[in-house]
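The values are calculated or read from the model by the stated rules, or taken from the named source; none is laboratory data. None of these values were measured; they are calculated from a predicted model. Here the Cβ positions follow ideal geometry from the backbone for every residue, glycine too, while neighbour counts run over all protein chains shown. Accessible surface areas use protein heavy atoms only, side chains included; no ligands, DNA or RNA. Shrake-Rupley method; radii C 1.70, N 1.55, O 1.52, S 1.80 Å.
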Amino acid sequence: MGAGREEVKIETFLEKKDKSLAKKTLLVSMEPRDRFHVVYLIMVIQGVGTLLPWNMFITAHAYFQEKLKKDEDLKHSFENYFSVAAMVPNVLMFLLNTLFKHKVSLQVRMLTSVCIMTLCFVVTTVLVVIDTSNWTTDFFYITIGTIVLINMTSAVYQGGLFGVCGMMPQRYTGAVMTGQGVGGAFAALASIFSLLGGKDAISSGFGYFMSAVIVLTFCLVTYILLHRMKFARHYISPHDQRSEIKFPSIQADQIERLANWQIPPTRKSGGYKHSTLSLDQEKLLAVSGHPKDVEIVRSDKPPFLLIFRQIFKLGSSVAFVFFVTLAAFPSLTSRIRSVNDGDKTVWTSTYFVPVTCFLLFNVGDFCGRLAASFVQWPGKDGVLLPLLCFLRVVFLPLFAFCNAQPREHSSVFFHEDYFPILFMVLFAISNGYLGSLCMMYGPSTVEPKHAETAGTMMAFMLIIGLGMGAGFSFVITMFL
C-alpha cells in the first residue's frame, strides 16, 4: 500500500438463527495511514499535558517550602495536602465524566478543560512575583483551590484523551502513557534548571510555572490539529455517531463487490451526501442493494456495568500500581535526605532531593512507559500481571526505612545513599511499565464500539488508585 492510500479489511461473521438460515454481517474498516507518525506524536504531546499540572506542583518542592517557611507545619506537610487536594476532586470529576460524557461533545470537554488549566497556571505564575510572606495561610488556601480546579479539569481532559486513544490502535494508548512520562521528566528538569538559573527558589519559580503555560498552550493547538488528521478522524468520527448497522441479508456477490469497492475521488452529490452516517456505513448501504433491509440502531448510553466487569482485572491492577506510587511519592520519598546532609554541600543541601527523588522517578517512569510500547510482557490473560502489580507494595517499607526526615517513631535501616537511589529506579520503572501495560490492554478486552468507554473507565480506575494512595500517604508519614 502506498502512502495516502487506504487499506480495506473485510470480515464476515455467521450467526445461526436456525439450521436452515444464517445471517451475515459485514464489518469494514478503512484504515488510512498515520503519515510521518504525526498523530502518534500529537498523542505523546497530549499525554504530556495530562500529568504536567500535577507534576509541576509536586516537583516545585523548594519553591513551596520557601513560600510556606513561616508555617513550620505546612512547610513539611504541604505535599500531603497537595496530594489530597489533587486526587479527591480528580476521582469525583472522573466519575462524573465517565457517567455523563455522552451528554457533552468530546471537542467541548477537551478544549474547555485545557483552557481552564492554562488560566490556572497563569494565576500561579502571577503569585510567584507577589510577596505572600504576610499572608502565608491565605497563599496556601489559594494554591489548594488552584490545585482543586486544575485537577477537576485535568480529570475531564485525561478521561477524554484515554477515550480517544482507546478508539485507536493499542500503540496510541502507549503514546499517551509515554507522553505522561515525558511530562514528569520535563517538570523535574524544569525544576532543576530553574534552580540553576535563579538566585533562589522564589525567583526561579516564575520561569518554572511559565513553562507549564507554554506547554499547555501547545497541547491546545495540537489537539485542534488532531481533528484535521484523516487518520484520527477515521477512528474518532464513527464513534461520535454511536450507530450500528445490521444487514439481514447480503449475498456473496455483494461481498465481492464490497471487496473490489474503490474509493471515489470526490463525494458525489445526491445519495447519502447529507447522511450523518460514517463513510464506511454509507459504503455498506451503497453495495448492499437492500436499503430497505437495513436497520440502524443508535445507542447513546454504553452498558457501563458490562464494560466494567470486562476491564475489572486490568483496572484493579492499574489502580493498585498507582496506589503504591502515590502512597510513597512524593510525600515519603521527598523526605529522604542524604546521610551526609551535615556537610552542607550544594549536592546534599540543594540538589539531592530534586535529583534522587523527582528527576530519577520521572526519568525511570518515562523509560518504563516507553519500554511498554515495544515489549508487552506479561500478556493481558493470566495472573502474572496483577501479581507483579501487587508486589510493588514492598516499596513502601523500603522507602520508610531509608533516611526519611523528620522521624520520631522508627529508626533508619538503610544508611547509605545508594539504597534510596536503587529503590527509586526499580520503583519508577515498574510504575511506568506495569501501569502502561494495564492501560494499553484495557480497551482491547471489550467490543470496539465500547473502546472509548473502556479507556475512560481504565483512566478512572487509575485515578482511584492515585486518590487512595494520596490519602494513605498520611498514614505512612505518621509512623516515621
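Structure above, values below:
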read-out: Which numbered condition T118 misses (of (1) open to solvent by 70 Å² or more (accessible area, probe 1.4 Å); (2) touching a helix residue (DSSP H, G or I) at 6+ places or on another chain (Cβ under 6 Å); (3) not basic (K, R)); value: (1)
read-out: Options A327, A372; residue that is over 22 Å from Y172 (Cα atoms), touching a Ser or Thr at 6+ places or on another chain (Cβ under 6 Å) and of a type in the set (A, V, I, L, M); value: A327
read-out: Pairs where the first residue, in segment 85-103, is farther than 9 Å from N151 by Cβ and of a type in the set (K, R) and the second is assigned to a helix (DSSP H, G or I) and open to solvent by 10 Å² or more (accessible area, probe 1.4 Å), C-beta under 8 Å, 6+ apart; value: K101/R109
read-out: Test result for T132, open to solvent by less than 60 Å² (accessible area, probe 1.4 Å) and touching an Asp or Glu at 6+ places or on another chain (Cβ under 9 Å); value: yes
read-out: Check on W377, open to solvent by 60 Å² or more (accessible area, probe 1.4 Å), outside any helix (DSSP H, G or I) and among the hydrophobic types (A, V, I, L, M, F, W, C); value: yes
read-out: Residues (part of a helix (DSSP H, G or I) and open to solvent by 20 Å² or more (accessible area, probe 1.4 Å)) located in segment 49-76; value: L51, W54, H61, A62, Q65, E66, E72, D73, K75, H76
read-out: Residue list for segment 309-350, restricted to those being of a type in the set (S, T, Y) and touching a residue at least 12 places away in the same chain (Cβ under 8 Å); value: S316, S317, T325, S331, T333, S334, S338, T350
read-out: Answer from L149, L99 - the residue that is under 30 Å from F308 (Cα atoms), open to solvent by 60 Å² or more (accessible area, probe 1.4 Å) and touching a Cys at 6+ places or on another chain (Cβ under 9 Å); value: L149
read-out: Flag for F218 being crowded, with 24+ Cβ neighbours inside 10 Å and part of a helix (DSSP H, G or I); value: no
read-out: Flag for A175 being touching a Pro at 6+ places or on another chain (Cβ under 8 Å), open to solvent by less than 10 Å² (accessible area, probe 1.4 Å), closer than 26 Å to V44 by Cα and not polar (S, T, N, Q); value: no
read-out: Check on P386, closer than 27 Å to L360 by Cα, in a loop (DSSP other than H, G, I, E, B) and open to solvent by 10 Å² or more (accessible area, probe 1.4 Å); value: no
read-out: Selection count, segment 441-480, where residues are open to solvent by 10 Å² or more (accessible area, probe 1.4 Å), closer than 21 Å to L384 by Cα and not in a loop (DSSP other than H, G, I, E, B); value: 5
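Listed here are the residues, each with its yes/no results for (1) of a type in the set (S, T, Y); (2) farther than 27 Å from F218 by Cα; (3) out of contact with any helix residue (DSSP H, G or I) (no Cβ under 6 Å at 6 or more places or on another chain).
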position	(1), (2), (3)
D34	no, no, no
H37	no, no, yes
V44	no, no, no
G47	no, no, no
N55	no, no, no
F78	no, yes, no
